Amino acid sequence: MNSPCYSVAMDLGVCQLRNFSISFLSSLLGTETSSVKLDNSSSGASVVAIDNKIEQAMDLVKSHLMYAVREEVEVLKEQIKELIERNSQLEQENNLLKNLASPEQLAQFQAQVQNGSPPPPSSTQTPAPPAQLTAQTSGPSA
């Protein structure tokens, strides 16, 4: 260590911690390490200076975190809005399909849901002819 701090082990640890704090804060705040010096003769002023630098660094970190959180909240709000719109579209589609399905198809579907069985292959179902579907869907929309 370049600066003679103290001879007691605990005091030496405090001195090393101060030097580390100065180096860390200097890199965080973008200042040169040589411009932030610890003056052993006026350690009270140095401690206040270090405390001020720590407070500035904490304020800087806090503002960056708050900005990042605000951005994330905006993204999540937009995703929620899109999911609500998609849910509404799917509900409308579901209602339309329920209205177009025959009572037999609805009963078959309810039975499948209750049994937890997968839907039968499409070859066993008889789809409605395209002309019939277009006639049913071309009516007034609700």
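Can you compute 3J(HN,Hα) from phi for each residue in region 73-87, using the Karplus curve 6.51 cos²θ - 1.76 cosθ + 1.60 with θ = phi - 60°, rounded to whole Hz and x for Gly and Pro?
Those phi angles translate into 4, 4, 5, 5, 4, 5, 5, 4, 4, 5, 5, 5, 5, 5, 4 Hz.
Take Gln108 and Ser43, extend 7 Å from each Cα along the Cα→Cβ direction, and tell me the distance between the two endpoints in nm.
Taking the simple label geometry, Gln108 and Ser43 are separated by 8.8 nm.
FYI, it's all coordinate maths here, none of it is from the lab. No experiment lies behind these values; they were computed from the predicted model shown. Glycine gets a Cβ as well: all are built from the backbone with ideal geometry, and neighbour counts include every protein chain shown.
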